[in-house]
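What follows is calculated from the coordinates using simple rules that are stated; it is not laboratory data. If you're wondering where the values come from, they're calculated on a predicted model, not measured in any experiment. Cβ: placed from backbone, ideal geometry, glycine included. Neighbour counts: every protein chain shown.
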Amino acid sequence: MKCGLAASEEHLDTTAPEISTVIFDCGRVITMDQDSACARAMADFFCPSADLAEFIAKYTLERPPYDQGLIDAFTYWNNVGAHYGTSVFAEDVSKLIRWDMQSWFTINAETVSIIQELKRRDFRLMILSNMNEEGKAEIFGASRYCGEIDWISLFDDILLSCDLLQLKPQEEIYRTCVERAGTDAEACLFIDDSPANIQAARECGLHGIVFSHASQLRSTLRDSYRLLN
């Protein structure tokens, strides 16, 4: 795989690249943004007076080894608790996991509609997501449906950081993804809400779209990549 900057996705290009594989991040792309009420419940567990934005920053800071599969949920939540001088006991972990999963897994029906259209057009579809074991259980379980649509079944391959022991935006995970796609990096289009993750993908030769909302994604896929009508 060649490492070099791929084309920008934001401008109309009359020579659109030949894309065969479309790769989706999950959080804030297939799912909606984090639910603030559930995030508040987690913050209150540790400190009822905690500033929510500050809690989320600390919660996020401790996330990478958990999502990479290097630590379990009990260790992760105790790492979060250490910021507040709070120990988390085994009986608390299931409650925190429940709030955490509820905070993330409201499925974006507009994104699912786009995925369905790409599927009908015979693109190879993949997920590449930083996700812990509890998130994996959620997407293959309670949250695999959007209404009556089994959105998980639309994908040809699902790559999660907890399985790969790799993490975006590390270069290695993009190389693994391209290998699993079975094509060249230049034929892959990656969609993620994180500019840093998209930049890393572009540096490994993939094309990239920074996701902000489904209507923006739809118009970019149509106008810049000619993947939709």
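Along the charge dipole of the chain, Cβ charges K/R +1 and D/E -1, which of Gly81, His207, Leu167 sits furthest on the positive end?
Going by the Cα projections, it comes out as His207.
Compute the acute angle (0 to 90°) between the alpha-carbon long axis of helix 109-120 and the principal axis of greatest extent of the alpha-carbon atoms of the chain; round to the nearest 10°.
Relative to the chain, helix 109-120 is tipped by roughly 40 degrees.
So for each of 195-208, 56-69 I average, over its residues, the number of other beta carbons within 10 Å; can you give me the resulting order with the highest mean first?
Going by the mean number of other Cβ atoms within 10 Å, highest first, we get 195-208, 56-69.
State log₁₀ I(q)/I(0) for the stretch 91-217 at q = 0.11, 0.12, 0.14 Å⁻¹ as given by the Debye formula over alpha-carbon point scatterers of equal weight, solvent excluded.
-0.41, -0.48, -0.66
Please list 173-182, 212-221 highest first by mean number of surrounding beta-carbon atoms within 10 Å per residue.
The packing order, highest mean first, is 173-182, 212-221.
Quick one: Cα centre-to-centre distance for the stretch 58-85 and the stretch 91-159, in angstrom?
First find each Cα centre; the distance between them is then 22 Å.
Relative contact order of the chain: what whole-number percent is it, with Cα pairs under 8 angstrom and at least 6 residues apart? Intermediate values should be presented prior to the final figure.
Values: 370 pairs, mean separation 78.6, N = 229.
Answer for the chain is 34 percent.
Estimate the FRET efficiency between Arg120 and Asp35 by the formula 1/(1 + (r/R0)^6), using the beta-carbon distance for r and 35 Å for R0, to the nearest 0.05.
In this case the efficiency is close to 0.70.
How large is the Kirkwood hydrodynamic radius of the chain, in angstrom, based on all distinct alpha carbon pairs?
When all Cα pairs of the chain are included, the Kirkwood radius is 18.4 Å.
Please report, in debye to the nearest 20, how large the charge dipole of the chain is about its Cα centre when each Lys and Arg carries +1 at its beta carbon and each Asp and Glu carries -1 there. Can you show the working numbers first?
Values: 20 positive and 36 negative charges, 58 e Å.
About 280 debye.
Number of Lys pairs in the stretch 1-145 with C-alpha atoms less than 26 angstrom apart, excluding same-chain neighbours closer than eight positions?
4
Just to verify a number: FRET efficiency for Cys47 and Arg226, C-beta to C-beta distance, R0 = 41 Å, to 0.05?
Rounded to the nearest 0.05, the efficiency is 0.20.
Sort 41-54, 130-143 for me by packing, meaning the mean count of neighbouring Cβ atoms within 10 Å per residue, highest on top.
Answer by packing, highest mean first, reads 130-143, 41-54.
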